[in-house]
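The values are calculated or read from the model by the stated rules, or taken from the named source; none is laboratory data. The structure displayed is predicted, hence computed values, not measured ones. Reconstructed Cβ throughout: ideal geometry from the backbone, glycine too, with neighbour counts over all protein chains shown.
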Amino acid sequence: MPGESSRLKPVMVWIHGGAFISGTANPKMYGADFLVEKDVIVVLINYRLGMLGFLSLHNKDVPGNMGLKDQVAALRWVQKNIAKFGGDPKQVTIFGESAGSASTHFLMLSPMTKGLFQRVICESGTGLNPWAFKPSVSENNKVLLKFAGCENLEGDELLKCLKEVPSGKLAELDASHAAEEDKWIEVSLPIYVTTDDTFLPREPRQILKDGDYNKVPLLIGVNDAEGLMMFNVILNHQNKLKFFNDNMEKMVPRDLNLKPGSEDSKEVAKMIKDFYFDGELTPNKVDQYKDLATDRLFLIGVHQAVQLHAATSDQPIYLYEFAFEGAFAITKPIIGSPLYRGVCHADELFYIHAVSKVPYNLFTLAPEMLTLRRMVTMWTNFAKFGNPTPKQSTLLPVTWRPYTPEDPAYLLIDRQLTVGRNIEEKRMKFWDGVYKRYANFSR
(Lines give C-alpha, C1' and ligand atoms only; values in the text may rest on other atoms or scores of the structure.)
Protein backbone atom coordinates (compact mmCIF):
# COMPACT_ATOMS: atom_id res chain seq x y z
CA MET A 1 0.00 0.00 0.00
CA PRO A 2 1.20 3.58 -0.64
CA GLY A 3 3.06 5.01 2.34
CA GLU A 4 3.41 1.63 4.03
CA SER A 5 7.23 1.80 4.09
CA SER A 6 7.12 5.17 5.84
CA ARG A 7 5.35 3.54 8.78
CA LEU A 8 7.96 0.83 9.17
CA LYS A 9 10.34 1.21 12.10
CA PRO A 10 14.14 1.06 12.17
CA VAL A 11 15.50 -2.37 13.10
CA MET A 12 18.29 -3.16 15.56
CA VAL A 13 19.74 -6.69 15.37
CA TRP A 14 21.64 -7.70 18.53
CA ILE A 15 24.57 -10.16 18.45
CA HIS A 16 25.57 -11.45 21.87
CA GLY A 17 29.11 -11.89 23.17
CA GLY A 18 30.81 -14.77 24.94
CA ALA A 19 34.26 -15.23 23.37
CA PHE A 20 32.70 -17.22 20.49
CA ILE A 21 32.33 -20.18 22.86
CA SER A 22 29.40 -19.25 25.10
CA GLY A 23 26.43 -16.92 25.48
CA THR A 24 22.89 -16.76 24.20
CA ALA A 25 20.36 -14.17 23.04
CA ASN A 26 18.44 -14.49 26.29
CA PRO A 27 15.88 -11.68 26.74
CA LYS A 28 16.47 -11.85 30.51
CA MET A 29 19.98 -10.59 29.79
CA TYR A 30 19.32 -8.55 26.66
CA GLY A 31 15.80 -7.28 27.21
CA ALA A 32 14.60 -4.79 24.61
CA ASP A 33 12.23 -2.85 26.87
CA PHE A 34 14.18 0.43 26.89
CA LEU A 35 15.06 0.31 23.20
CA VAL A 36 11.58 -0.42 21.86
CA GLU A 37 10.24 2.55 23.83
CA LYS A 38 12.22 4.62 21.30
CA ASP A 39 10.15 3.24 18.42
CA VAL A 40 12.56 0.67 17.01
CA ILE A 41 12.22 -3.05 16.35
CA VAL A 42 14.80 -5.22 18.17
CA VAL A 43 15.85 -8.65 16.93
CA LEU A 44 17.93 -11.03 19.09
CA ILE A 45 19.76 -13.81 17.26
CA ASN A 46 21.70 -16.93 18.21
CA TYR A 47 24.54 -18.55 16.30
CA ARG A 48 26.65 -21.67 16.56
CA LEU A 49 29.53 -21.40 19.03
CA GLY A 50 32.81 -23.13 19.80
CA MET A 51 33.85 -26.03 17.62
CA LEU A 52 30.37 -26.23 16.10
CA GLY A 53 30.60 -22.62 14.99
CA PHE A 54 34.26 -22.03 14.19
CA LEU A 55 36.28 -25.21 13.76
CA SER A 56 37.87 -25.32 10.32
CA LEU A 57 39.27 -28.31 8.46
CA HIS A 58 39.95 -26.04 5.49
CA ASN A 59 37.59 -27.94 3.22
CA LYS A 60 34.03 -27.62 1.95
CA ASP A 61 32.64 -29.88 4.68
CA VAL A 62 34.03 -27.86 7.61
CA PRO A 63 35.29 -24.58 6.11
CA GLY A 64 35.12 -22.49 9.29
CA ASN A 65 33.20 -19.37 10.30
CA MET A 66 29.91 -21.29 10.47
CA GLY A 67 28.81 -19.14 13.40
CA LEU A 68 29.33 -15.98 11.39
CA LYS A 69 27.46 -17.48 8.46
CA ASP A 70 24.59 -18.18 10.87
CA GLN A 71 24.55 -14.43 11.54
CA VAL A 72 24.42 -13.76 7.81
CA ALA A 73 21.49 -16.17 7.50
CA ALA A 74 19.69 -14.31 10.29
CA LEU A 75 20.26 -10.97 8.54
CA ARG A 76 18.90 -12.43 5.30
CA TRP A 77 15.84 -13.59 7.23
CA VAL A 78 15.42 -10.06 8.57
CA GLN A 79 15.55 -8.64 5.04
CA LYS A 80 12.90 -11.07 3.88
CA ASN A 81 10.54 -11.04 6.85
CA ILE A 82 10.98 -8.05 9.18
CA ALA A 83 8.40 -5.88 7.40
CA LYS A 84 5.74 -8.34 8.59
CA PHE A 85 6.72 -7.35 12.14
CA GLY A 86 6.68 -3.62 11.44
CA GLY A 87 10.42 -3.30 10.74
CA ASP A 88 12.06 -1.52 7.82
CA PRO A 89 14.54 -3.79 5.99
CA LYS A 90 16.19 -0.66 4.59
CA GLN A 91 17.01 0.65 8.06
CA VAL A 92 18.85 -2.20 9.79
CA THR A 93 21.51 -1.58 12.43
CA ILE A 94 23.61 -4.48 13.67
CA PHE A 95 25.04 -4.09 17.16
CA GLY A 96 26.87 -6.30 19.60
CA GLU A 97 29.30 -6.47 22.50
CA SER A 98 32.66 -8.24 22.94
CA ALA A 99 32.63 -11.25 20.57
CA GLY A 100 29.28 -9.92 19.35
CA SER A 101 30.98 -6.62 18.62
CA ALA A 102 33.79 -8.34 16.76
CA SER A 103 31.07 -10.22 14.87
CA THR A 104 29.40 -7.00 13.77
CA HIS A 105 32.79 -5.78 12.59
CA PHE A 106 33.43 -9.01 10.68
CA LEU A 107 29.98 -8.66 9.08
CA MET A 108 30.99 -5.17 8.00
CA LEU A 109 34.14 -6.60 6.38
CA SER A 110 32.52 -9.58 4.69
CA PRO A 111 31.56 -9.60 0.98
CA MET A 112 28.61 -11.85 1.90
CA THR A 113 26.68 -9.09 3.68
CA LYS A 114 26.29 -6.34 1.10
CA GLY A 115 22.92 -4.65 1.52
CA LEU A 116 21.96 -6.58 4.65
CA PHE A 117 22.41 -3.61 7.04
CA GLN A 118 22.88 0.13 6.90
CA ARG A 119 24.62 0.93 10.23
CA VAL A 120 26.97 -0.78 12.68
CA ILE A 121 27.53 -0.45 16.44
CA CYS A 122 30.60 -2.12 17.99
CA GLU A 123 30.83 -2.26 21.79
CA SER A 124 34.28 -3.45 22.92
CA GLY A 125 35.49 -5.51 20.02
CA THR A 126 36.71 -5.52 16.42
CA GLY A 127 38.28 -7.94 14.01
CA LEU A 128 41.68 -6.54 15.01
CA ASN A 129 41.49 -7.56 18.67
CA PRO A 130 43.84 -10.46 19.50
CA TRP A 131 41.11 -12.69 20.93
CA ALA A 132 38.81 -12.21 17.93
CA PHE A 133 40.71 -13.71 15.02
CA LYS A 134 43.35 -16.23 14.06
CA PRO A 135 45.11 -16.30 10.70
CA SER A 136 45.44 -20.08 10.40
CA VAL A 137 43.79 -23.30 11.49
CA SER A 138 46.68 -25.64 12.26
CA GLU A 139 47.11 -24.94 15.98
CA ASN A 140 43.37 -24.81 16.39
CA ASN A 141 43.06 -28.34 15.10
CA LYS A 142 46.00 -29.72 17.10
CA VAL A 143 44.44 -28.61 20.37
CA LEU A 144 40.76 -29.32 19.92
CA LEU A 145 41.01 -32.47 17.84
CA LYS A 146 43.19 -33.98 20.55
CA PHE A 147 40.55 -33.30 23.18
CA ALA A 148 37.86 -34.68 20.87
CA GLY A 149 39.83 -37.92 20.41
CA CYS A 150 40.28 -37.30 16.69
CA GLU A 151 43.94 -36.36 16.50
CA ASN A 152 46.25 -37.76 13.81
CA LEU A 153 43.36 -38.24 11.41
CA GLU A 154 42.79 -36.55 8.07
CA GLY A 155 40.17 -36.18 5.36
CA ASP A 156 37.11 -38.40 5.50
CA GLU A 157 38.38 -40.29 8.57
CA LEU A 158 38.68 -37.07 10.55
CA LEU A 159 35.22 -35.90 9.50
CA LYS A 160 33.73 -39.30 10.41
CA CYS A 161 35.38 -39.18 13.84
CA LEU A 162 34.06 -35.69 14.57
CA LYS A 163 30.54 -36.65 13.56
CA GLU A 164 30.63 -39.45 16.13
CA VAL A 165 31.48 -37.06 18.97
CA PRO A 166 28.31 -35.84 20.75
CA SER A 167 27.73 -32.15 20.12
CA GLY A 168 27.43 -31.54 23.85
CA LYS A 169 30.92 -32.92 24.38
CA LEU A 170 32.35 -30.65 21.70
CA ALA A 171 30.79 -27.65 23.42
CA GLU A 172 32.12 -28.77 26.81
CA LEU A 173 35.63 -29.08 25.42
CA ASP A 174 35.63 -25.40 24.48
CA ALA A 175 34.18 -24.25 27.77
CA SER A 176 36.52 -26.36 29.90
CA HIS A 177 39.58 -24.81 28.29
CA ALA A 178 38.36 -21.22 28.07
CA ALA A 179 40.47 -20.11 31.04
CA GLU A 180 43.76 -21.40 29.62
CA GLU A 181 44.82 -18.52 27.41
CA ASP A 182 47.68 -20.22 25.63
CA LYS A 183 45.31 -22.96 24.48
CA TRP A 184 41.93 -21.37 23.93
CA ILE A 185 43.11 -18.17 22.30
CA GLU A 186 43.97 -20.21 19.20
CA VAL A 187 40.81 -22.29 19.01
CA SER A 188 37.27 -21.77 17.88
CA LEU A 189 37.81 -18.32 16.44
CA PRO A 190 36.99 -16.71 13.09
CA ILE A 191 39.60 -17.15 10.39
CA TYR A 192 40.15 -15.97 6.87
CA VAL A 193 39.79 -18.82 4.42
CA THR A 194 39.01 -19.07 0.72
CA THR A 195 36.36 -21.65 -0.13
CA ASP A 196 33.32 -21.76 -2.36
CA ASP A 197 31.42 -19.90 0.37
CA THR A 198 33.93 -17.33 1.62
CA PHE A 199 33.07 -15.11 4.57
CA LEU A 200 36.46 -13.42 5.07
CA PRO A 201 38.64 -13.57 1.95
CA ARG A 202 41.64 -11.87 3.59
CA GLU A 203 42.86 -10.89 7.02
CA PRO A 204 40.71 -8.13 8.59
CA ARG A 205 43.55 -5.62 8.68
CA GLN A 206 44.23 -6.09 4.97
CA ILE A 207 40.53 -5.78 4.11
CA LEU A 208 40.44 -2.47 5.99
CA LYS A 209 43.62 -1.22 4.32
CA ASP A 210 42.20 -2.12 0.91
CA GLY A 211 38.96 -0.31 1.72
CA ASP A 212 37.12 -3.34 0.39
CA TYR A 213 34.23 -3.59 2.86
CA ASN A 214 30.70 -2.37 3.51
CA LYS A 215 31.11 1.36 4.11
CA VAL A 216 28.29 2.41 6.42
CA PRO A 217 28.09 4.71 9.48
CA LEU A 218 29.89 3.21 12.47
CA LEU A 219 29.46 3.81 16.21
CA ILE A 220 32.29 2.15 18.16
CA GLY A 221 33.97 2.30 21.53
CA VAL A 222 35.23 0.75 24.74
CA ASN A 223 34.80 0.91 28.50
CA ASP A 224 37.56 2.73 30.31
CA ALA A 225 38.69 -0.26 32.43
CA GLU A 226 37.97 -3.32 30.29
CA GLY A 227 41.08 -4.91 31.75
CA LEU A 228 39.42 -5.37 35.14
CA MET A 229 38.10 -8.64 33.75
CA MET A 230 41.67 -9.97 34.01
CA PHE A 231 42.13 -9.12 37.67
CA ASN A 232 41.19 -12.60 38.81
CA VAL A 233 44.35 -13.73 37.01
CA ILE A 234 46.76 -11.79 39.24
CA LEU A 235 44.90 -10.14 42.11
CA ASN A 236 46.00 -11.59 45.46
CA HIS A 237 48.21 -14.11 43.72
CA GLN A 238 51.83 -13.15 44.26
CA ASN A 239 53.03 -16.06 42.15
CA LYS A 240 50.93 -14.85 39.21
CA LEU A 241 52.19 -11.32 39.69
CA LYS A 242 55.77 -12.57 39.67
CA PHE A 243 55.04 -14.73 36.61
CA PHE A 244 53.84 -11.77 34.55
CA ASN A 245 56.68 -9.60 35.82
CA ASP A 246 59.21 -12.22 34.74
CA ASN A 247 57.42 -13.06 31.49
CA MET A 248 56.31 -9.72 30.10
CA GLU A 249 56.66 -11.16 26.61
CA LYS A 250 53.24 -12.72 27.26
CA MET A 251 51.84 -9.20 26.94
CA VAL A 252 53.42 -8.50 23.55
CA PRO A 253 50.49 -8.28 21.09
CA ARG A 254 50.35 -11.32 18.86
CA ASP A 255 49.55 -9.36 15.75
CA LEU A 256 52.99 -7.75 15.84
CA ASN A 257 54.08 -11.17 14.56
CA LEU A 258 57.27 -11.18 16.61
CA LYS A 259 58.83 -14.54 17.31
CA PRO A 260 58.81 -15.24 21.06
CA GLY A 261 62.32 -15.03 22.43
CA SER A 262 63.57 -12.87 19.56
CA GLU A 263 65.42 -9.64 20.27
CA ASP A 264 62.52 -7.58 18.94
CA SER A 265 60.02 -9.43 21.12
CA LYS A 266 62.19 -8.96 24.20
CA GLU A 267 62.66 -5.30 23.39
CA VAL A 268 58.90 -4.70 23.09
CA ALA A 269 58.37 -6.53 26.38
CA LYS A 270 60.89 -4.21 28.04
CA MET A 271 59.20 -1.18 26.52
CA ILE A 272 55.86 -2.36 27.92
CA LYS A 273 57.32 -2.92 31.38
CA ASP A 274 59.01 0.47 31.38
CA PHE A 275 55.97 2.37 30.08
CA TYR A 276 53.30 0.84 32.31
CA PHE A 277 55.26 -0.18 35.41
CA ASP A 278 58.40 1.96 35.44
CA GLY A 279 60.44 -1.19 35.01
CA GLU A 280 58.72 -3.64 37.36
CA LEU A 281 55.20 -4.93 38.01
CA THR A 282 54.73 -4.81 41.78
CA PRO A 283 51.64 -5.22 44.02
CA ASN A 284 51.17 -1.45 44.28
CA LYS A 285 51.05 -1.17 40.46
CA VAL A 286 48.16 -3.53 39.82
CA ASP A 287 46.07 -0.57 38.66
CA GLN A 288 48.55 -0.06 35.82
CA TYR A 289 48.10 -3.72 34.90
CA LYS A 290 44.42 -2.87 34.40
CA ASP A 291 45.42 -0.24 31.84
CA LEU A 292 47.75 -2.64 30.05
CA ALA A 293 45.10 -5.36 29.88
CA THR A 294 42.53 -2.82 28.66
CA ASP A 295 44.83 -1.65 25.90
CA ARG A 296 46.17 -5.00 24.77
CA LEU A 297 42.83 -6.82 24.73
CA PHE A 298 40.49 -4.06 23.58
CA LEU A 299 41.55 -0.45 23.03
CA ILE A 300 44.46 -1.00 20.64
CA GLY A 301 42.23 -2.98 18.26
CA VAL A 302 39.44 -0.40 18.42
CA HIS A 303 41.90 2.48 18.03
CA GLN A 304 43.54 0.91 14.98
CA ALA A 305 40.24 -0.08 13.40
CA VAL A 306 38.94 3.47 13.75
CA GLN A 307 42.10 4.84 12.15
CA LEU A 308 41.81 2.45 9.20
CA HIS A 309 38.10 3.13 8.71
CA ALA A 310 38.73 6.88 8.80
CA ALA A 311 41.41 6.49 6.14
CA THR A 312 39.32 4.39 3.76
CA SER A 313 35.67 5.38 4.25
CA ASP A 314 33.67 8.57 3.78
CA GLN A 315 31.02 7.42 6.25
CA PRO A 316 30.83 8.94 9.77
CA ILE A 317 32.58 7.19 12.67
CA TYR A 318 31.44 7.92 16.22
CA LEU A 319 34.00 6.84 18.84
CA TYR A 320 33.18 6.65 22.55
CA GLU A 321 34.67 5.73 25.92
CA PHE A 322 32.17 4.64 28.59
CA ALA A 323 33.38 5.65 32.05
CA PHE A 324 30.24 5.93 34.19
CA GLU A 325 30.56 3.82 37.34
CA GLY A 326 27.03 3.17 38.53
CA ALA A 327 24.99 0.72 40.54
CA PHE A 328 23.55 -1.09 37.52
CA ALA A 329 26.88 -2.64 36.58
CA ILE A 330 27.02 -6.22 37.83
CA THR A 331 29.96 -7.60 35.85
CA LYS A 332 32.69 -5.78 37.76
CA PRO A 333 32.01 -7.43 41.15
CA ILE A 334 31.86 -10.86 39.50
CA ILE A 335 34.83 -10.97 37.10
CA GLY A 336 36.77 -7.88 38.14
CA SER A 337 37.26 -6.15 41.45
CA PRO A 338 35.02 -3.46 42.98
CA LEU A 339 38.08 -2.09 44.81
CA TYR A 340 39.53 -0.53 41.65
CA ARG A 341 38.29 2.42 39.66
CA GLY A 342 36.80 2.06 36.22
CA VAL A 343 34.10 0.39 34.17
CA CYS A 344 34.71 -3.30 33.59
CA HIS A 345 34.19 -5.23 30.38
CA ALA A 346 30.46 -5.64 29.58
CA ASP A 347 29.22 -3.20 32.24
CA GLU A 348 27.81 -0.77 29.66
CA LEU A 349 25.27 -3.44 28.71
CA PHE A 350 23.14 -2.71 31.76
CA TYR A 351 22.57 0.86 30.54
CA ILE A 352 21.21 -0.25 27.16
CA HIS A 353 19.38 -3.53 27.76
CA ALA A 354 16.75 -4.38 30.36
CA VAL A 355 18.50 -7.02 32.45
CA SER A 356 16.24 -8.99 34.77
CA LYS A 357 18.69 -8.97 37.71
CA VAL A 358 19.03 -5.18 37.79
CA PRO A 359 16.48 -3.32 40.03
CA TYR A 360 15.92 -0.40 37.66
CA ASN A 361 12.73 0.71 39.44
CA LEU A 362 14.75 1.61 42.55
CA PHE A 363 16.78 4.23 40.71
CA THR A 364 14.14 6.33 38.97
CA LEU A 365 15.80 9.69 39.66
CA ALA A 366 19.38 8.55 40.09
CA PRO A 367 22.36 9.27 37.77
CA GLU A 368 22.09 5.65 36.69
CA MET A 369 18.73 6.24 35.01
CA LEU A 370 19.95 9.46 33.43
CA THR A 371 22.91 7.57 31.94
CA LEU A 372 20.60 4.78 30.78
CA ARG A 373 18.25 7.23 29.06
CA ARG A 374 21.22 8.90 27.39
CA MET A 375 22.71 5.63 26.15
CA VAL A 376 19.40 4.29 24.85
CA THR A 377 18.60 7.58 23.13
CA MET A 378 22.01 7.86 21.45
CA TRP A 379 22.00 4.24 20.31
CA THR A 380 18.48 4.48 18.87
CA ASN A 381 19.18 7.89 17.35
CA PHE A 382 22.07 6.30 15.51
CA ALA A 383 19.79 3.49 14.30
CA LYS A 384 17.24 6.03 13.07
CA PHE A 385 19.39 8.82 11.69
CA GLY A 386 22.97 7.54 11.47
CA ASN A 387 23.83 10.23 14.04
CA PRO A 388 23.64 9.66 17.84
CA THR A 389 23.10 13.36 18.62
CA PRO A 390 21.21 14.87 15.66
CA LYS A 391 20.23 17.85 17.80
CA GLN A 392 21.09 19.09 21.28
CA SER A 393 18.57 18.70 24.08
CA THR A 394 18.37 18.75 27.87
CA LEU A 395 19.07 15.02 27.85
CA LEU A 396 21.86 15.23 25.24
CA PRO A 397 23.47 18.66 25.62
CA VAL A 398 26.40 17.87 23.30
CA THR A 399 27.12 17.42 19.62
CA TRP A 400 29.07 14.19 19.20
CA ARG A 401 31.49 14.94 16.39
CA PRO A 402 32.54 12.14 14.02
CA TYR A 403 36.12 10.90 14.25
CA THR A 404 38.35 12.01 11.37
CA PRO A 405 42.12 11.93 10.86
CA GLU A 406 42.14 15.71 11.25
CA ASP A 407 39.81 15.70 14.27
CA PRO A 408 40.16 12.41 16.23
CA ALA A 409 37.09 13.18 18.35
CA TYR A 410 35.41 10.86 20.84
CA LEU A 411 32.61 11.10 23.37
CA LEU A 412 33.46 10.46 27.03
CA ILE A 413 30.30 9.04 28.59
CA ASP A 414 30.39 9.65 32.34
CA ARG A 415 28.14 11.61 34.69
CA GLN A 416 28.55 14.31 32.08
CA LEU A 417 28.89 13.88 28.33
CA THR A 418 32.15 15.40 27.10
CA VAL A 419 33.54 15.52 23.58
CA GLY A 420 37.32 15.17 23.59
CA ARG A 421 40.14 14.42 21.18
CA ASN A 422 42.60 11.49 21.05
CA ILE A 423 41.16 8.76 23.27
CA GLU A 424 43.69 7.72 26.00
CA GLU A 425 46.23 9.78 24.07
CA LYS A 426 49.43 8.96 25.96
CA ARG A 427 48.85 5.21 25.90
CA MET A 428 47.78 5.10 22.26
CA LYS A 429 50.79 7.17 21.19
CA PHE A 430 52.99 4.58 22.88
CA TRP A 431 51.33 1.76 20.94
CA ASP A 432 51.33 3.71 17.67
CA GLY A 433 55.09 3.94 18.06
CA VAL A 434 55.47 0.24 18.85
CA TYR A 435 53.43 -0.86 15.83
CA LYS A 436 55.15 1.60 13.50
CA ARG A 437 58.58 0.31 14.54
CA TYR A 438 58.02 -3.42 15.05
CA ALA A 439 54.89 -4.66 13.27
CA ASN A 440 55.33 -6.86 10.24
CA PHE A 441 51.89 -7.75 8.99
CA SER A 442 53.24 -9.67 6.02
CA ARG A 443 54.76 -12.40 8.16
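Please enumerate the residues belonging to the stretch 329-343 that are surrounded by fewer than 21 Cβ atoms within 10 Å (Cβ to Cβ) and modelled with pLDDT of 80 or more.
Start the filter on the stretch 329-343 by keeping residues that are surrounded by fewer than 21 Cβ atoms within 10 Å (Cβ to Cβ), which leaves 330-331, 333-335, 337-342.
Passing the criteria: R341, G342.
If only residues of the stretch 355-386 that are farther than 17 Å from M12 by Cα, in contact with a helix residue (DSSP H, G or I) (Cβ under 8 Å, 6 or more places away or on another chain) and hydrophobic (A, V, I, L, M, F, W, C) are counted, the one that is surrounded by the most Cβ atoms within 10 Å (Cβ to Cβ) is L372.
Just one of the numbered conditions (1) closer than 25 Å to E249 by Cβ; (2) crowded, with 20+ Cβ neighbours inside 10 Å is not true of F324: (1).
Does N236 meet the test of being touching a Lys or Arg at 6+ places or on another chain (Cβ under 7 Å), surrounded by fewer than 19 Cβ atoms within 10 Å (Cβ to Cβ) and modelled with pLDDT under 95?
no
Close Cβ contacts (under 7 Å, 6 or more residues apart or on different chains) running from residues in the stretch 276-303 that are touching a residue at least 40 places away in the same chain (Cβ under 8 Å) and assigned to a helix (DSSP H, G or I) to residues that are surrounded by fewer than 18 Cβ atoms within 10 Å (Cβ to Cβ) and aromatic (F, W, Y) comprise D287/Y340; K290/Y340.
Considering only the stretch 409-428, I want to know if a residue exists there that is among the aromatic types (F, W, Y) and touching a strand residue (DSSP E or B) at 6+ places or on another chain (Cβ under 7 Å). Quick ask: steps written out before the conclusion?
First, pick out the residues of the stretch 409-428 that are among the aromatic types (F, W, Y): 410.
Okay, now just the ones that are also touching a strand residue (DSSP E or B) at 6+ places or on another chain (Cβ under 7 Å), so 410.
Yes: one or more hits.
Quick one: is L208 buried (at least 21 other Cβ atoms within 10 Å of the Cβ), in contact with a Ser or Thr (Cβ under 7 Å, 6 or more places away or on another chain) and either modelled with pLDDT under 95 or hydrophobic (A, V, I, L, M, F, W, C) (or both)? Criteria met by L208. Taken over the stretch 45-67, the criterion of being among the aliphatic types (A, V, I, L, M) and at pLDDT below 95 is satisfied by L49, M51, L52, L55, L57, V62, M66. Could you tell me whether A293 is of a type in the set (G, A, S), closer than 18 Å to V434 by Cα and buried (at least 20 other Cβ atoms within 10 Å of the Cβ)? Considered against the rule, which asks whether it is of a type in the set (G, A, S), closer than 18 Å to V434 by Cα and buried (at least 20 other Cβ atoms within 10 Å of the Cβ), A293 comes out as yes.
Would you check if A346 is among the small types (G, A, S), assigned to a loop (DSSP other than H, G, I, E, B), touching a residue at least 40 places away in the same chain (Cβ under 8 Å) and surrounded by fewer than 17 Cβ atoms within 10 Å (Cβ to Cβ)? Show your work before the answer.
Details: among the small types (G, A, S): yes; assigned to a loop (DSSP other than H, G, I, E, B): yes; touching a residue at least 40 places away in the same chain (Cβ under 8 Å): yes; surrounded by fewer than 17 Cβ atoms within 10 Å (Cβ to Cβ): no.
Against the criterion (among the small types (G, A, S), assigned to a loop (DSSP other than H, G, I, E, B), touching a residue at least 40 places away in the same chain (Cβ under 8 Å) and surrounded by fewer than 17 Cβ atoms within 10 Å (Cβ to Cβ)), A346 does not qualify.
Checking F133, F106, F147 one by one, the residue that is under 28 Å from M51 (Cβ atoms), touching a Pro at 6+ places or on another chain (Cβ under 9 Å) and modelled with pLDDT under 95 is F133 and no other.
One residue stands out in the stretch 301-314 among those that are of a type in the set (A, V, I, L, M, F, W, C) and touching a Ser or Thr at 6+ places or on another chain (Cβ under 9 Å): the one that is surrounded by the most Cβ atoms within 10 Å (Cβ to Cβ), namely V302. Scanning the stretch 410-432 for residues that are assigned to a strand (DSSP E or B), of a type outside the set (V, I, T) and more than 20 Å from the chain's Cα centre (by Cα) yields L417, G420, R421. Check whether at least one residue in the stretch 387-397 is under 25 Å from E325 (Cβ atoms), buried (at least 18 other Cβ atoms within 10 Å of the Cβ) and not polar (S, T, N, Q), and report yes or no. Yes; the residues of the stretch 387-397 include at least one that is under 25 Å from E325 (Cβ atoms), buried (at least 18 other Cβ atoms within 10 Å of the Cβ) and not polar (S, T, N, Q). Of all residues in the stretch 405-419, those satisfying the criterion of being surrounded by fewer than 13 Cβ atoms within 10 Å (Cβ to Cβ) and either modelled with pLDDT under 95 or farther than 30 Å from E267 by Cα (or both) are E406, D407, R415, Q416. If you take the residues of the stretch 21-78 that are in a helix (DSSP H, G or I) and not hydrophobic (A, V, I, L, M, F, W, C), which of them is nearest to G115 (Cα to Cα)? The residue in question is R76. When K259, K273, K242 are checked against the criterion of being within 17 Å of R437 (Cβ to Cβ), in a helix (DSSP H, G or I) and not polar (S, T, N, Q), K273 stands alone in meeting it.
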